[in-house]
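The values are calculated or read from the model by the stated rules, or taken from the named source; none is laboratory data. Since the structure is predicted, the reported quantities are computational estimates derived from the model, not experimental observations. Cβ atoms come from the backbone with ideal geometry, glycine included; neighbour counts cover every protein chain shown. Keep in mind that these areas ignore ligands, DNA and RNA; they rest on the heavy atoms of the full protein, side chains included. Shrake-Rupley method; radii C 1.70, N 1.55, O 1.52, S 1.80 Å.
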Amino acid sequence: MKKEKRGFAYYAHIYKMILLQDLKSKMSYRADFIISTIGILFTDVAGFISFWILFQNFPEIKGWHYYEVLFLYGFSLMAMTPVQCFFDNNWNLMEALYTGNFMKYCFRPINLFFYFISEVFDIKGVGQFIFGVITVVYSWNKLGILLSFRNIAGFFVGVISASLFMIAIMNFAASASFWMSGGTSQLMILMFKFKDYARYPIKIFNRAFQIIFTFVIPIGFMAYYPSLYVIRPEEVTVLTYLTPFYGIVLVYLSYLVWMKGARQYSGTDS
Amino acid sequence: MEAIIKMADINKEFKVLKRREGIRGSIRDLFSRDYQILKAVNDVTIDIMPGEMVGYLGPNGAGKSTTIKMMTGVLEPTSGEILVNGRVPYENRTRNAQDIGVVFGQRSQLWWALPVIESFRILKEIYQISDRDFKDNLEYYDALVGASELYHKPVRQMSLGQRTLCDILAAFLHNPSIVFMDEPTIGLDVSMKSKIRELVGRLNKEKGTTIILTTHDMGDVDALCKRIVIIDKGRMIYDNDIEHLRSYFGAYRTIQIQFDRHAEDLDNEVLQQQALEVEAWLRSEFAGSESIAVSMEENWIQILINEEEVHMMDVVNCIQKQRQIADMNLQEISTERVIRKIYEGGIV
């Protein structure tokens, strides 16, 4: 008799299989892999250089120093990795809906969101992750942050929680395609661009943007709030502690919206 | 025997927003909730027995895919009763999905970048196929079509024919009781078409799988289906044996004629003109018989008649009196023609 219940272990096992196979086949296209990794690294290095030039001219921005902002930058790069590696297929959602290819996901006995998202694993994010790690380690050192358990654990919990926000934002943006027939790719690009603001301390923006980046498009949680715990413990706010919970809630909500959209879509398509 | 798919008085309605014209209309649309009810499926009742192979036909937009979606549990009917494998499909989509397979002609469901065998292995885990069943099926596939030659090729490097073949094999891998096929031979060349048809026929016979075949290709229907169901504008207009259909139209004949020895050199317009003339002659001679239809096919002028209304020889004589016939051909009505006749006139 087949097992009726399909729990975490079942999905983890299938995901691992798809991932390993996909990695194997990606490696066989080595040029593609190397070029795209180099491409992403160039983008990151360019971002780094603009930073460097900025701080050559202004030693600080509203009380924020070079290494602190660099830390936020590295932090946000690391937090971007999960959404880029594991949730990249959201970018293909609009086309799948447009061509009708999305229907094929509806006929398997597994969770629709899982099936769709698991199809693509984008290895390009790994290069960026490494760049992020180097940036964080470098600025951590320069800032002279103590290598205590509190700081290290706080950092890891912070990065993982921060990564949830971009996942949620991109899920929300992608699921707009279920209801709207055009323009959602622009919406996704716009949302994706917002991540560039995540590397700045929210405090340097004016009041309106502070509120927007905290509650509307919560990119403040992608680096600033969780980083405070490590780089400016004296400025930690309640939002810092809320980061993990808020992140989980948002990802879950975005999943519900995505699934609702998927159900509604299959209903209206002829 | 109990029916494997039971649909009784199934209706499916969609709410569609009424769109207005122009920019002002679009802006008003943003705020209006002026819905229109669209009946996609109207009082459809079908019973399908285990092991049957049913051709499910209808013009585009007739409601075929809506029906299929209801059978697969993707859509919930507005009203009516539906049971697939004794279960209500939309109440448990995933449980239902475990017992069905789906094949789309041009859309591969396999993992694009992976070799086929790896896709099969992932499917083995998804459907929790036992090692034994998996091995048996792979051996069976090998005996059937020599499938192992394709196993290590990534899907994206395959020809459409190879891909379709693998997609069909993948759909049967978990031994589903029903497989839905949507135009499995679309875009394939003649020899691949017949290969796919043979494969589908054997899978149906040897595995006893119920197959619902949606297609516009009458070759598929002729080769595979005993029973056909035709749906148009959401209503079922035919459900019976294909033999019954042929005997119903048994009195229909197609006469093909050419007035010139080298008709293939003639302009299309000239032929068109000839066809119109022929039609005019026949209309005046046999004013009472409505079945007569004149059309063009390649270089031939084609006349469809019902022998219960007019005799073939009378028709030929009538034309011959007006103009010398150079070449002539007599055919029984093709399934394609029959189906078209049903779509057009609702003869049944």
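Looking across region A:98-134, the residues that are open to solvent by 20 Å² or more (accessible area, probe 1.4 Å) and in contact with a Ser or Thr (Cβ under 6 Å, 6 or more places away or on another chain) come down to A:124, A:129.
Only one residue in B:88, B:74, B:103, B:179 is within 30 Å of residue B:15 (Cα to Cα) and at pLDDT 95 or above, so which one is that?
On the way: B:88 fails: at pLDDT 95 or above; B:74 fails: at pLDDT 95 or above; B:103 fails: at pLDDT 95 or above.
Residue meeting the stated conditions: B:179.
Is it the case, given these coordinates, that residue A:165 is over 30 Å from residue B:93 (Cβ atoms) and at pLDDT 90 or above?
On the way: over 30 Å from residue B:93 (Cβ atoms): yes; at pLDDT 90 or above: yes.
In short, yes.
Hey, can you tell me all the residues within region A:24-42 that are within 10 Å of chain B (Cβ to nearest Cβ) and either closer than 19 Å to residue A:116 by Cβ or in a helix (DSSP H, G or I) (or both)? Let's see the steps before the verdict.
The first filter runs over region A:24-42 and keeps only residues within 10 Å of chain B (Cβ to nearest Cβ), leaving A:24-26, A:28-29.
Selection gives A:24, A:25, A:26.
Does residue B:46 satisfy the criteria of being assigned to a strand (DSSP E or B) and either within 29 Å of residue B:186 (Cβ to Cβ) or open to solvent by 30 Å² or more (accessible area, probe 1.4 Å) (or both)? Here the answer is yes, as residue B:46 does meet what is asked. Tallying residues that are within 13 Å of chain B (Cβ to nearest Cβ), under 22 Å from the mean Cα position of the chain (by Cα) and modelled with pLDDT of 90 or more within region A:97-131 yields 7.
Based on what the data block shows, is residue A:8 touching a residue at least 12 places away in the same chain (Cβ under 8 Å) and either open to solvent by 40 Å² or more (accessible area, probe 1.4 Å) or not small (Gly, Ala, Ser) (or both)? Can you show your working first?
Details: touching a residue at least 12 places away in the same chain (Cβ under 8 Å): no; either open to solvent by 40 Å² or more (accessible area, probe 1.4 Å) or not small (Gly, Ala, Ser) (or both): yes.
It is false that residue A:8 is touching a residue at least 12 places away in the same chain (Cβ under 8 Å) and either open to solvent by 40 Å² or more (accessible area, probe 1.4 Å) or not small (Gly, Ala, Ser) (or both).
If a residue must be crowded, with 19+ Cβ neighbours inside 10 Å and over 19 Å from the mean Cα position of the chain (by Cα), how many such residues does region B:171-209 contain? Number satisfying all stated conditions: 4.
Quick one: is residue A:202 of a type outside the set (S, T, N, Q) and buried (at least 17 other Cβ atoms within 10 Å of the Cβ)? Can you show your working first?
On the way: of a type outside the set (S, T, N, Q): yes; buried (at least 17 other Cβ atoms within 10 Å of the Cβ): yes.
It is true that residue A:202 is of a type outside the set (S, T, N, Q) and buried (at least 17 other Cβ atoms within 10 Å of the Cβ).
Taking the criterion of being touching a Lys or Arg at 6+ places or on another chain (Cβ under 7 Å) and within 12 Å of another protein chain (Cβ to nearest Cβ), the residues of region B:75-94 that qualify are B:75, B:77, B:78. Before we move on, is residue A:221 open to solvent by 40 Å² or more (accessible area, probe 1.4 Å) and of a type in the set (Phe, Trp, Tyr)? The answer is no for residue A:221.
Would you check which residues across region B:113-154 are of a type outside the set (Val, Ile, Thr), within 12 Å of another protein chain (Cβ to nearest Cβ) and open to solvent by less than 20 Å² (accessible area, probe 1.4 Å) and list them? If the condition is that a residue be of a type outside the set (Val, Ile, Thr), within 12 Å of another protein chain (Cβ to nearest Cβ) and open to solvent by less than 20 Å² (accessible area, probe 1.4 Å), then B:114, B:119, B:120, B:123, B:127 are the ones that fit.
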